[in-house]
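Undergrad: Structure in C-alpha cells, see below.
The values are calculated or read from the model by the stated rules, or taken from the named source; none is laboratory data. Being a predicted model, the structure only gives us computed values, none of them experimental. Glycine also receives a Cβ, built like all others from the backbone with ideal geometry; neighbour counts cover every protein chain displayed.
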Amino acid sequence: MILYPDLYCEGVTAVTIEILRQHNIKGLILDIDNTLIDYDRNMDEKIKLWVNELKEKGIKFCIVSNTNKVDKVKKVSEDLDIPYFYFAKKPFKKGFLKAKELMGLESRNIAAIGDQIATDILGANRCGMFSILVKPISEKDIFMTKVKRPIEKIIINRYLSKSKKEKV
Ligand SMILES: [Mg+2]
C-alpha cells in the first residue's frame, strides 16, 4: 500500500545503525517540521548526537522540506551540517530525486524519514525509497497539517493492526 510506511518509529533517534544496515540503507532524507524541530523551532540535543553518530558510521544525509521559510531550514542545516532542499512540494518526486543525486545513492539504499503520510511517506514510496514514519514532535501544527492528522491516524492504526511490519 503506497500510503503505508515501511517502518514506524517513536522518533528519528529510534532509527539505529542496526536498523539501517538491516535494510541496506546508506543515506537518509530528513523532513524538518515536527520530525527534527517543533513548532517553535526547538531541536532536541539528542538529534544532533544521533546525526553525528550515524555520520561516523558512514550514513549520508540530506534535508528535504516542504517549508518555504529558508531561514528555518538553513538554521537546521547548519546546526546538523547537512545539505538541504526546501519548498520541495512533497509528495512530488523532485526533492527526493535531487537529494538522491546529491548523495550519489540508489533509491533502494535511501530511507526518507518524516511525520506525515501524505507528503513524506507517499513521496518516498513513489520514489522506491524506504519510508520511515515518525511520531510528530509536537501536537501543535500548521492548519493544513491539522486537517490531515485524523486521516493519518486512521491509516496508521490500520497499518499497525493489519501489517506484520516492524514498529520501533
Ligand atoms: Mg513534517
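Undergrad: Quick one: count up the residues across the range 32-69 that are within 16 Å of the ligand (Cβ to nearest atom), acidic (Asp, Glu) and surrounded by fewer than 19 Cβ atoms within 10 Å (Cβ to Cβ).
TA: 3
Undergrad: What pairs come up if the first residue lies in the range 148-164 and is within 16 Å of ALA118 (Cβ to Cβ), the second is modelled with pLDDT of 85 or more and among the β-branched types (Val, Ile, Thr), and their beta carbons are under 6 Å apart, counting only those six or more places apart or on different chains?
TA: Cβ pairs passing all conditions: GLU152/ILE117; ILE155/ILE117.
Undergrad: Condition first: closer than 18 Å to CYS127 by Cα, among the basic types (Lys, Arg) and crowded, with 16+ Cβ neighbours inside 10 Å. Can you find one or more residues in the range 9-27 that meet it?
TA: Yes: one or more hits.
Undergrad: Follow-up question, since we're still on this one. Has the range 107-126 got any residue that is within 24 Å of LYS60 (Cα to Cα), hydrophobic (A, V, I, L, M, F, W, C), at pLDDT 95 or above and in a loop (DSSP other than H, G, I, E, B)?
TA: No, because not a single residue in the range 107-126 is within 24 Å of LYS60 (Cα to Cα), hydrophobic (A, V, I, L, M, F, W, C), at pLDDT 95 or above and in a loop (DSSP other than H, G, I, E, B).
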